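Notes follow the structure.
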Amino acid sequence: MSKIAQRSYPADIAAQLAETGIPPLLARIYAARGIGEAAQLDTDIKRLLPFSLLKNAETMADLLADAIAAQKKLLIVADYDADGATACAVAMRGLSALGARVDFIVPNRFEYGYGLTPEIVRLAKRSEPDILLTVDNGIASVDGVAEAARLGMQVLVTDHHLPGDTLPDALCIVNPNQPGCTFPSKHLAGVGVMFYVLMALRAALRKRGAFASGNEPNLGNLLDLVALGTVADVVRLDDNNRILVQQGLQRIRAGRSCAGIRALLRVARRPAAQASAYELGFIVGPRLNAAGRLEDMSLGIRCLLTDDDTEAGEIAARLDALNHERRSIEADMQDSALSTLDAFDPADDFSLALFNEDWHQGVIGILASRLKDKFHRPVIAFARAQTGELKGSGRSIAGLHLRDALDLISKRHPQLIQKFGGHAMAAGLSIREQHLADFRLAFEAVARELLDAEALVKTIATDGTLDAMEFSLSIARGLQRQVWGQGFPEPLFEGDFRVQTQRVVGEKHLKLKLSSPAGSFDAIRFFSAEPAPDAIHAVYSLSVNEYNGSETLQLIVRHWTGE
């Protein structure tokens, strides 16, 4: 069940934005997303928040500078998703350019699980590093850091996940969400945190005279990777993150991205010159993630580290094939989940916790996301791990902070959850199979506490209707140039239309010709061949359709109601 609602916006702020020359429609859209002044839309790199505001960034920079001077061996311990892969590539490229001896290791999710576990520390020890540097993990690795100390290795933690009650006893921790950090942007992705540490390190080395001969590296060369990881990790695109993403996209569009990103766009038949946040989040990110989901993320990291176009192309082709395999597995899992839920009445339950012994551990997060979208409930999907326990991946809706919900369950029922971690909207956990039924009951009880019936109705938020003059290519182009994403959603509009023609294209998309008092428009609804009624109330976005060198306005229909 869904409802359509128009976003509210402060009319006075919209008017002030319009006075600066911003078109009234865009002023209204920006005001509805919390933009209070035109300067917030400026994505010049000079407007990035300074690294000096990020707790311990300068301390870690000095430690890394000392390590470089002593030629100590650094080993990066990465996460196996796109944020972890890009953070690892940024760390490898940046630290190498700054003179470090550095290598990386990434845990296979099926053998070692997430984070700096004691097992991965012992594996890392075989490389005889002096320092372990975590990227996109480590804030919850109390036991792993203790094991590293026992084995004579120091640990530097860079992470962005929410900390638990106890911090690991690491040499230094940089995380905008750790206690005492007043960094204004709490939404840096793991790759963003690593990029900030590199900026602080370069400044520390500059003070030490390391670049007296003028060989200072340009860290801006890493922004394509920062943009990819930031968008793929679905962190909130606040002012600071939008700068990082926009700067990275500019590099990609100009043909100055790394060979791996170029190859991943090429294998997906997407022109780099037209890349947007959509391409990063839905084209490049999934192909990169496929390595960590089905095989080993070291393959994806190699794609991002190579400067050889031929090698990048070969790895990208393998990642593309893995992504096709992932989609096939996901479709089968979704079919089995939906068949299990044939008798499910969404009015009965506030949550879903599902397990199937045939489900693939690497794809349960995507399955949980799909089911969350379908039923608009917090969902946790479980698969059996190689160790025999159940690994769960969850996705949530507004109103239920998933990591906090799991924390509440763990405090009330200490025996149920072995370990957990994550964010408001996504989290992971491990439980014993015999505890699944009890966990379902506990999860449902917490969901009923934190949510009300109104929260279970999916709201499709729009930016209202458009005037005839606003159905224009120039408006569509202006919208496409902006960075949209989590916390800064792409504008959607609504209106009444007559359906003049409709036909299925590509076996699964519906091509339409719509008319209204404002005019006649080409439209398409992707991944839905369901016929439209003669008259619809549609929710849509504006897009630029490019064909044979010409551009036309096209409406992308996201939802409709009608007879």
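The values are calculated or read from the model by the stated rules, or taken from the named source; none is laboratory data. Remember, predicted model here, so these are calculated numbers, not experimental data. A quick note on method: Cβ atoms are made from the backbone with ideal geometry, for glycine too, and the neighbour counts reach across all protein chains shown.
Evaluate region 67-86: report whether one residue or more is under 30 Å from Phe350 (Cα atoms) and part of a helix (DSSP H, G or I). Steps first, please.
Taking region 67-86 and keeping what is under 30 Å from Phe350 (Cα atoms), we get 81.
Narrowing the set further to residues that are part of a helix (DSSP H, G or I) leaves none.
No, region 67-86 contains no residue that is under 30 Å from Phe350 (Cα atoms) and part of a helix (DSSP H, G or I).
Just to check your reading of the model, which residue among Gly292, Gly281, Gly220, Gly300 is surrounded by fewer than 18 Cβ atoms within 10 Å (Cβ to Cβ), in contact with a helix residue (DSSP H, G or I) (Cβ under 8 Å, 6 or more places away or on another chain) and not charged (D, E, K, R)?
None of the other options fit; the residue is Gly220.
Please go through region 101-120 and pick out each residue that is in contact with a helix residue (DSSP H, G or I) (Cβ under 6 Å, 6 or more places away or on another chain) and crowded, with 24+ Cβ neighbours inside 10 Å.
Val106, Pro107, Leu116
Residues of region 371-399 being among the hydroxyl-bearing types (Ser, Thr, Tyr), assigned to a strand (DSSP E or B) and over 20 Å from the mean Cα position of the chain (by Cα), which ones?
Listed by number, the list is empty, since nothing qualifies.
Per-residue answers, yes or no, for (1) in contact (Cβ under 8 Å) with a residue 12 or more places away in the chain; (2) surrounded by fewer than 21 Cβ atoms within 10 Å (Cβ to Cβ); (3) of a type in the set (Gly, Ala, Ser):
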| site | (1), (2), (3) |
| --- | --- |
| Arg370 | yes, yes, no |
| Ile380 | yes, no, no |
| Ser396 | yes, no, yes |
| Leu402 | yes, no, no |
| Leu436 | yes, yes, no |
| Leu451 | yes, yes, no |
| Ile460 | yes, yes, no |
| Leu473 | yes, yes, no |
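Kindly establish whether Ser351 is over 21 Å from Leu265 (Cα atoms) and touching a Pro at 6+ places or on another chain (Cβ under 7 Å).
yes
Just give me the residues in region 453-466 being part of a loop (DSSP other than H, G, I, E, B) and modelled with pLDDT of 95 or more, in sequence order.
Across region 453-466, the qualifying residues are Asp463, Gly464, Thr465, Leu466.
Look at region 22-38 and say how many of its residues are free of Cβ contacts under 8 Å to residues at least 60 places away in the same chain and touching a helix residue (DSSP H, G or I) at 6+ places or on another chain (Cβ under 8 Å).
Matching residues across region 22-38 total 9.
Run Arg126 past the list (1) more than 19 Å from Ala290 (Cα to Cα); (2) within 27 Å of the chain's Cα centre (by Cα); (3) of a type outside the set (A, V, I, L, M) and report the number of the one that doesn't hold.
(2)
Regarding region 340-351, can at least one residue be identified that is assigned to a helix (DSSP H, G or I) and not charged (D, E, K, R)?
Yes, because at least one residue in region 340-351 is assigned to a helix (DSSP H, G or I) and not charged (D, E, K, R).
Tell me, please, whether a residue that is surrounded by fewer than 24 Cβ atoms within 10 Å (Cβ to Cβ), in contact with a helix residue (DSSP H, G or I) (Cβ under 9 Å, 6 or more places away or on another chain), modelled with pLDDT of 95 or more and not assigned by TED's automatic domain parsing to the domain that holds His360 can be found in region 76-91.
Checked against the condition, which is being surrounded by fewer than 24 Cβ atoms within 10 Å (Cβ to Cβ), in contact with a helix residue (DSSP H, G or I) (Cβ under 9 Å, 6 or more places away or on another chain), modelled with pLDDT of 95 or more and not assigned by TED's automatic domain parsing to the domain that holds His360, region 76-91 yields no hits at all.
State which residue is nearest to Ser541 (Cα to Cα) when the search covers only region 476-523 and only residues that are surrounded by fewer than 18 Cβ atoms within 10 Å (Cβ to Cβ), among the charged types (D, E, K, R) and touching a Phe, Trp or Tyr at 6+ places or on another chain (Cβ under 8 Å).
Across region 476-523, the extreme among qualifying residues is Lys513.
For region 248-276, what are the residues that are touching a residue at least 40 places away in the same chain (Cβ under 8 Å), surrounded by 19 or more Cβ atoms within 10 Å (Cβ to Cβ) and not in a loop (DSSP other than H, G, I, E, B)?
Answer for region 248-276, where residues must be touching a residue at least 40 places away in the same chain (Cβ under 8 Å), surrounded by 19 or more Cβ atoms within 10 Å (Cβ to Cβ) and not in a loop (DSSP other than H, G, I, E, B): Leu249, Ala259, Gly260, Ile261, Arg262, Ala263, Leu264, Val267.
Exactly one condition in (1) polar (S, T, N, Q); (2) surrounded by fewer than 21 Cβ atoms within 10 Å (Cβ to Cβ); (3) modelled with pLDDT of 90 or more is not met by Ser351; state its number.
With (1) polar (S, T, N, Q); (2) surrounded by fewer than 21 Cβ atoms within 10 Å (Cβ to Cβ); (3) modelled with pLDDT of 90 or more applied to Ser351, the lone miss is (2).
Within the set of pairs 6+ apart or on separate chains, which have a first residue in region 538-563 that is of a type in the set (Lys, Arg), a second that is in a strand (DSSP E or B) and buried (at least 18 other Cβ atoms within 10 Å of the Cβ), and C-beta atoms under 9 Å apart?
Arg558/Arg525; Arg558/Ala538; Arg558/Val539; Arg558/Tyr540; Arg558/Ser541
Kindly provide the set of residues from region 485-494 that are in a strand (DSSP E or B) and at pLDDT 95 or above, ordered by number.
Going residue by residue through region 485-494, those that are in a strand (DSSP E or B) are 485, 488, 493-494.
Correct list: Phe488, Phe493, Glu494.
For region 316-333, enumerate the residues that are touching a Leu at 6+ places or on another chain (Cβ under 9 Å) and among the aliphatic types (A, V, I, L, M).
Ala316, Leu319, Leu322, Ile329, Met333
What about Ile409, is it surrounded by fewer than 23 Cβ atoms within 10 Å (Cβ to Cβ), farther than 22 Å from Asp136 by Cβ and at pLDDT 95 or above?
It is true that Ile409 is surrounded by fewer than 23 Cβ atoms within 10 Å (Cβ to Cβ), farther than 22 Å from Asp136 by Cβ and at pLDDT 95 or above.
Taking Val197 and the conditions (1) of a type outside the set (S, T, N, Q); (2) surrounded by fewer than 22 Cβ atoms within 10 Å (Cβ to Cβ); (3) within 21 Å of the chain's Cα centre (by Cα), which numbered condition does it fall short on, given that it satisfies the others?
(2)
From Phe443, Phe497, grab the single residue that is assigned to a helix (DSSP H, G or I), out of contact with any Gly (no Cβ under 8 Å at 6 or more places or on another chain) and among the aromatic types (Phe, Trp, Tyr).
Result: Phe443 is the single residue among Phe443, Phe497 that is assigned to a helix (DSSP H, G or I), out of contact with any Gly (no Cβ under 8 Å at 6 or more places or on another chain) and among the aromatic types (Phe, Trp, Tyr).
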